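Scroll down for the structure; my scribbles are underneath it.
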Amino acid sequence: MDSNDSAVNGTGNGATNGDGLPPPPPVPPNVTPIVVGVEKPLEPPKKKNVRLTMVRRALGTKGQKIPLLTNHFKVNVANVDGHFYHYSVALFYEDGRPIDGKGAGRKIIDKVQDTYGSELAGKEFAYDGEKSLFTIGALPRNKLEFTVVLEEISSSRNNGNSSPTGNDSPNESDRKRVRRPYRSKTFKVEISFAAKIPMMAIANALRGQESENSQEAFRVLDIILRQHAAKQGCLLVRQSFFHNDAKNFTDLGGGVFGCRGFHTSFRTAQGGLSLNIDVSTTMIVKPGPVVDFLIANQNVRDPFSLDWAKAKRALKNLRIKVHPSNTEYKITGLSDKPCDQQLFTLKQHSRNENGECETTEVTVYDYFVNNRNIQLSWSKDVPCINVGKPKRPTYFPIELCELVSLQRYTKALSTFQRSSLVEKSRQKPQERMSVLSHSLKINNYAAEPLLKSCGISISNNFSEVEGRVLSAPKLKVGRGEDFFPRNGRWNFNNKLLVEPSKVERWAVVNFSARCNCKDIVRDLIKCGNMKGVEIEPPHVIIEESPQNRRLPPVARVEKMFEEIQSKLPGAPMFLLCMLPERKNSELYGPWKRKNLAEFGIVTQCMSPMRVNDQYLTNILLKINAKLGGLNSMLCIEHSPSIPMVSKIPTLILGMDVSHGSPGQSDIPSIAAVVSSRHWPLISRYRASVRTQSPKTEMIDSLFKPVPGQEDKADKDDDGLFREALMDFYFTSGKRKPEQIIIFRDGVSESQFNQVLNIELDQIIEACKYRDERWSPKFTVIVAQKNHHTKFFQPKSPDNVPPGTVIDNKVCHPRNNDFYLCAHAGMIGTTRPTHYHVLYDEIGFGTDDLQELVHSLSYVYQRSTTAISVVAPICYAHLAASQMGQFMKFEESSDTTSSHNGMTAPPVPQLPRLDPKVTNSMFFC
């Protein structure tokens, strides 16, 4: 029967209505049916307009032109007619179990190429080391299966799947009893066609027509470079690679080395395709004897002073070579007992009457000394290294074990290690250029067969670009005096602050044992008088009681506040706090929380190590800003004459999210929104801060309507943006902002879409929630510091001058982006900030916008220099990190994320600031 005849006629059980649906149920007798009006058909749901990143309108023209070089190397692509073929790779052990670990893949795929070259039509592979493989042109068939045999798979750095072989180790006899499939040396490989990527996508991307295909094509090129580095034995970390060369290692202390390597990535730009190469640094575990690493890691004198519980945590999963066999293993733990007491079962050569091998219990120490004739000088009294499974341990004396080179150290660095890393990885511009030129030579990309097949050649010369140096904005200080900063710097010698505050009703608290507070206070008052800040003598200097110094930080702060309350007649306006003599004192977080969240007191901390005039001036600048003063301002905001901003109420936002350090995956992320106040000023700011789920980059609390208040005239919204809005309204003559400029830090290009369509949506919703008719115009700018583009002055040892802007040649072929070096790079090589103008309803001209961004680098109240990124973003970063200190001493920071399929615990909330300090520059 034809399918059209299959409907059943009649009104019985098989009846259907015209849409193929069952008939509606009969209407009960006591219900009057509601007649649906036919004149108003149901409207389809409105399709949300997706905002796209804007196109560049024009290049800037202002500023003095300057020729520059950049670390982008021109790439020529001769072959754009071919295709990359993408294949999925599946690897199996001989018994069919998949190989799920990373590492063995490269050796196996190399073996496939060696063994089956003719069946693969002699094709070269670009293999990512895991599940993707690319070729230029197709393989002979869409699905290929191979079996390969490897002579040995040891757990070397590029191959971490297999178990240790156990040669010459205790318990070796146990291992021989059971044939273990995971020690198999035979592997099955399946290669299946997945997709075809036209090389023309690269040419299209260079015209600004980026697509999924072009992203995939560039991914293939990046994989070719990674594979090239892997074949040279490099450690690969995303798009950076590190050679095993001691010249590139620098000791950071604590058993950690900084390892210098190179970052490479292909970039599309107005000037065509280029290869961006930059110096990169990663942390590695100190290679060599395990005991040397442990002694450095724990900062002790000898192996007998080591904390072995700590050692076990530090060594877990690291790879070692064992002497004298030079076999490689992964550490699984330590023995419970010292080497001369740790027993294991050793098989004898003799057999008993049943024909079974006889066994004997022997210590690890005796086995190595007596059976193997290996002298052990000190390790008999310390635990052994275990490289076996939990129920089948394999022990080695610690002095026979060496840590393999190039093993990443992924734990958080100490303050000392971090500052040591910064200091030792600095490079002056010319040194960096010569290192990069050398890296191009040693990499010898011209010999890479896959790049040849793509018709790709890479220039050895730094690309030339044109920069423009913008003039520094004129600043205003006290007595109506104006001046121009020179080389991005200025000072307050013989100058007054533009709006000095008055410091009264204040006290000093001293947690420092070696600090002469009276002298510091005398010098601070003198410094203040010279800058126009009137500082009354403090009401009291409160010294910490010596017996309280051994208490935990929170208890020390509590005791100090008991003293404050007993010695002061009322709440102080300001507290100056002398911290103990070390940086990052554990008292800082509890002290700030007590002052800001519980009492609403403005406070300034000092670490009185080296107190000189410059240090006291910097402290004074912070105190003045926190108490509502202003140190300097732009002449164009005083006039006011900032293009597009001074005539129309304009709110400026800085938004940032800070995350826990590496190794702190469960610490909540902290979102901060900083907002301008007192329009038409752009030098005053306040901050709102919230916690959110760990490692979440998008801010989720910009708009948070309070449930159940939808019908109220004054509806409540607990979001970050509402706080900014209300403060702007009350400090700017009860005006709502008609323009909002958003500076967003810390997002990658793949997240631009979310900033425009998730975060901006929340802000617009918050505006509509206050007033349905209110539609401010928005400009959204992302600032990126975490990129690898650097600029150099040809034939000059100096960094580029402050105010250098670049919007040509190395910028995006379509999008509206520019690089700005607003600050004077005094040490190392200047890192420009990469600004992406994603959206601009306000309608800024290119020059006006670049000048505004430049000017916002001069309104940072904490320093007398231009800073490298706009002040609102710097303030957001400061506010997030300062409030983050509140979390450090709270038990809630020990919460862990979801395990075993259970949901993650709720994110602990930060305490809210006391209303007295909410709108202060507490973060300054």
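The values are calculated or read from the model by the stated rules, or taken from the named source; none is laboratory data. If you're wondering where the values come from, they're calculated on a predicted model, not measured in any experiment. When we count neighbours, we look across all protein chains shown, and the Cβ atoms used for this are built from the backbone with ideal geometry, even at glycine. SASA here: full protein model, heavy atoms, side chains in, ligands and nucleic acids out. Shrake-Rupley method; radii C 1.70, N 1.55, O 1.52, S 1.80 Å.
Find the centroid of the Cα atoms in the range 824-843 and in the range 194-234, then give the distance between the two in whole Å.
27
Return the long-range amide H neighbours of residue 407 (sequence gap of 5 or more, or a different chain), with a cut-off of under 5 Å between placed amide H atoms.
For residue 407, whose amide H was placed from the backbone, the distant partners under 5 Å are 285.
Residue by residue through the range 586-602, which ³J(HN,Hα) values in whole Hz follow from phi under the Karplus form 6.51 cos²θ - 1.76 cosθ + 1.60 (θ = phi - 60°), with glycine and proline marked x?
Coupling constants for the range 586-602: 5, 6, 4, x, x, 5, 4, 4, 4, 5, 7, 8, 9, 10, x, 10, 6 Hz.
Multiply the residue gap between residue 648 and residue 237 by 0.36 nm, knock off their C-alpha separation, and tell me the result in nm, one decimal place.
Contour length minus the Cα-Cα distance gives 143.1 nm.
What full-extension length gain, to one decimal in nm, is calculated for residue 513 and residue 185 as 0.36 nm per residue of separation minus the Cα-Cα distance?
111.6 nm
State the Cα centre-to-centre distance between the range 277-300 and the range 400-448 in whole Å.
Cα centres, the range 277-300 to the range 400-448: 13 Å.
Ratio of the range 288-404's C-alpha Rg to 2.2 N^0.38 Å, to two decimals?
1.13
Quick check on the range 660-812: what does the Kirkwood estimate of hydrodynamic radius come out to from the alpha carbon pairs, in Å?
Computed over Cα pairs of the range 660-812, the Kirkwood hydrodynamic radius comes out at 18.2 Å.
Placing one identical point scatterer on every Cα of the range 549-589 and ignoring solvent, what is log10 I(q)/I(0) from the Debye formula at q = 0.13, 0.15, 0.18, 0.30 Å⁻¹?
Log10 I(q)/I(0), no solvent term: -0.32, -0.42, -0.59, -1.16.
Round to a whole number: what % of the accessible area of the chain belongs to carbon and sulfur, probe 1.4 Å?
C and S fraction of accessible area: 49 percent.
Taking each pair of different alpha-carbon atoms in the range 427-496 once, compute 1/r for the pair, average those values, and report the inverse of that mean as the Kirkwood hydrodynamic radius in Å to one decimal.
This gives a value of 17.2 Å.
Hey, what do the phi angles of the range 245-255 turn into as Karplus ³J(HN,Hα) couplings, whole Hz, using 6.51/-1.76/1.60 and θ = phi - 60°, x for Gly and Pro?
Karplus values, whole Hz, x for Gly and Pro: 9, 4, 4, 8, 9, 9, 7, 9, x, x, x.
Averaged per residue, what accessible surface does the chain expose to a 1.4 Å probe, in Å²?
Here the per-residue accessible area is 48 Å².
Quick one: if the Förster radius is 25 Å, what FRET efficiency do residue 635 and residue 885 give, using the C-beta to C-beta distance and rounding to 0.05?
About 0.10, to the nearest 0.05.
Per residue of the range 605-620, in order, report the coupling 6.51 cos²θ - 1.76 cosθ + 1.60 (Karplus, θ = phi - 60°) as ³J(HN,Hα) in whole Hz, putting x for Gly and Pro.
9, 10, 10, x, 8, 10, 9, 10, 4, 5, 4, 5, 4, 4, 4, 5
I need the calculated FRET efficiency for the pair residue 775 and residue 618, taking r as the beta carbon distance and R₀ as 41 Å, to the nearest 0.05.
0.45
Evaluate E = 1/(1 + (r/R0)^6) for residue 435 and residue 378, where r is the Cβ-Cβ distance and R0 equals 35 Å; express this FRET efficiency to the nearest 0.05.
0.30
At 0.36 nm per residue, minus the direct Cα-Cα distance, what do residue 547 and residue 55 gain on full extension? Give it in nm, one decimal, please.
170.6 nm
Whole number please: convex hull volume per residue, Cα atoms of the range 500-629, in Å³.
About 98 Å³ per residue, rounded to a whole number.
If each of residue 360 and residue 502 carries a label point 7 Å out from its Cα toward its Cβ, how far apart are those two points in nm?
So the label points at residue 360 and residue 502 sit 9.3 nm apart.
Over the chain, what per residue volume does the convex hull of the Cα atoms give, in whole Å³?
294
Report the rotationally averaged projected area of the range 254-325 based on its alpha-carbon convex hull, in square nanometres.
Across all orientations, the range 254-325 yields a mean hull projection of 7.6 nm².
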